[in-house]
1. So, residue 23, is that one in the same structural domain as residue 61 (by TED's automatic domain parsing), in contact with a helix residue (DSSP H, G or I) (Cβ under 7 Å, 6 or more places away or on another chain), touching a residue at least 24 places away in the same chain (Cβ under 8 Å) and part of a loop (DSSP other than H, G, I, E, B) or not?
2. Name, by its number, the condition in (1) outside any helix (DSSP H, G or I); (2) assigned by TED's automatic domain parsing to the domain that holds residue 342 that does not hold for residue 222.
3. Go through (1) within 18 Å of the chain's Cα centre (by Cα); (2) buried (at least 24 other Cβ atoms within 10 Å of the Cβ) and name the single condition residue 303 misses.
4. For the range 163-178, check the following and say yes or no: at least one residue is part of a loop (DSSP other than H, G, I, E, B) and closer than 26 Å to residue 282 by Cα.
5. Scan the range 1-20 for residues that are part of a strand (DSSP E or B) and surrounded by 18 or more Cβ atoms within 10 Å (Cβ to Cβ) and jot them down.
6. Quick check, is residue 118 out of contact with any strand residue (DSSP E or B) (no Cβ under 6 Å at 6 or more places or on another chain) and without any contact (Cβ under 8 Å) to a residue 24 or more places away in the chain?
7. In the range 37-54, which residue that is touching a helix residue (DSSP H, G or I) at 6+ places or on another chain (Cβ under 8 Å), part of a loop (DSSP other than H, G, I, E, B) and surrounded by fewer than 18 Cβ atoms within 10 Å (Cβ to Cβ) is modelled with the highest pLDDT?
8. Please verify whether residue 241 is in a strand (DSSP E or B), more than 19 Å from residue 344 (Cβ to Cβ) and in contact with a helix residue (DSSP H, G or I) (Cβ under 9 Å, 6 or more places away or on another chain), treating the condition exactly as stated.
């Protein structure tokens, strides 16, 4: 099958963002498919060195050249500069041929708009990584709705979307469920010697809350506040690679006064390799979820947690309802209260080797990129 996956690798070549998109390419390639990458978001290039948007896309193109060469996709990628419309990498002819004659277009989180293509691809698949927000926007934004409804199949990381107790609004679409694929060969299981810290990677506030039916659905800042005293309840150390969020609203000094060690993501995880190292050096992950995921009972399960698990790092993460859909208790533990957090930390630390092995076993069973990508094709009735 000739598959083209879309993404924002050139626009945001940072830490976990790279893995979010790249592991789909790796998974489908491992299944024997002819896989390409297309980035045509309409956005002007962002240059993190100069920390500004620019007409010059040389940084984005350079990053993509290195990434695609490293992972075996040399000559099988295209980047379009939103500033001038010019194509780079495989070029315009290849991009248009893939969209006209390809077998599958994988649109990950609306990363590709395709406003001026002749679209003849046999199947268009959309993957929603931001449940609750996605469904609210579908009802509120006509252009967004038109874009998503043009797809043939719709998948979501919200494992409970459509359930009676999930508050994500009904959109008229049939949402199939999926999780983040993990290329296990890139995340070697390591039992020995991690630092004695629980960590995560997050942004204090990614964007403004959305309102639906008189209720506000917000970001991680709203959930973090519920657990802000956690370091005062346990001797366990925590390191958070935490973005400052929109408006630089992260309350750094207050967080530090509570015992949280805060490090800057652009300094400690500037690329995919340093991101993997940061996760591997941690003892386990502790993390909250976006308020909307929790309040909406969406069942969202983290792409970042998937990578921790693959490394054999136990994961203690806030329950969005995912515990109703995924096995847990060893390697993967949910929490809803401060007491859950303290008990979970004590359990992981007391039986670390058991939870470490169970974390990797969970990844092998449920997150293997080959299995996840094959399941996408099965659910879409493409195989």
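1. It is false that residue 23 is in the same structural domain as residue 61 (by TED's automatic domain parsing), in contact with a helix residue (DSSP H, G or I) (Cβ under 7 Å, 6 or more places away or on another chain), touching a residue at least 24 places away in the same chain (Cβ under 8 Å) and part of a loop (DSSP other than H, G, I, E, B).
2. In the conditions (1) outside any helix (DSSP H, G or I); (2) assigned by TED's automatic domain parsing to the domain that holds residue 342, residue 222 misses (1) alone.
3. Here residue 303 clears every test but (2).
4. Here is the first cut: in the range 163-178, the residues part of a loop (DSSP other than H, G, I, E, B) are 163-174, 178.
After this cut, where a residue has to be closer than 26 Å to residue 282 by Cα as well, the list is none.
Among the residues of the range 163-178, not one is part of a loop (DSSP other than H, G, I, E, B) and closer than 26 Å to residue 282 by Cα, which makes the answer no.
5. 3, 4, 5, 6 - these are the residues of the range 1-20 that are part of a strand (DSSP E or B) and surrounded by 18 or more Cβ atoms within 10 Å (Cβ to Cβ).
6. So residue 118 passes the test.
7. Looking at the filtered set, the residue picked out is 48.
8. Taking the combined requirement at face value, the residue satisfies it.
The values are calculated or read from the model by the stated rules, or taken from the named source; none is laboratory data. It should be emphasised that the depicted structure is a prediction, and the values quoted were computed from it without experimental measurement. Quick reminder, even Gly has a Cβ in these numbers, built from the backbone with ideal geometry, and neighbours come from all protein chains shown.
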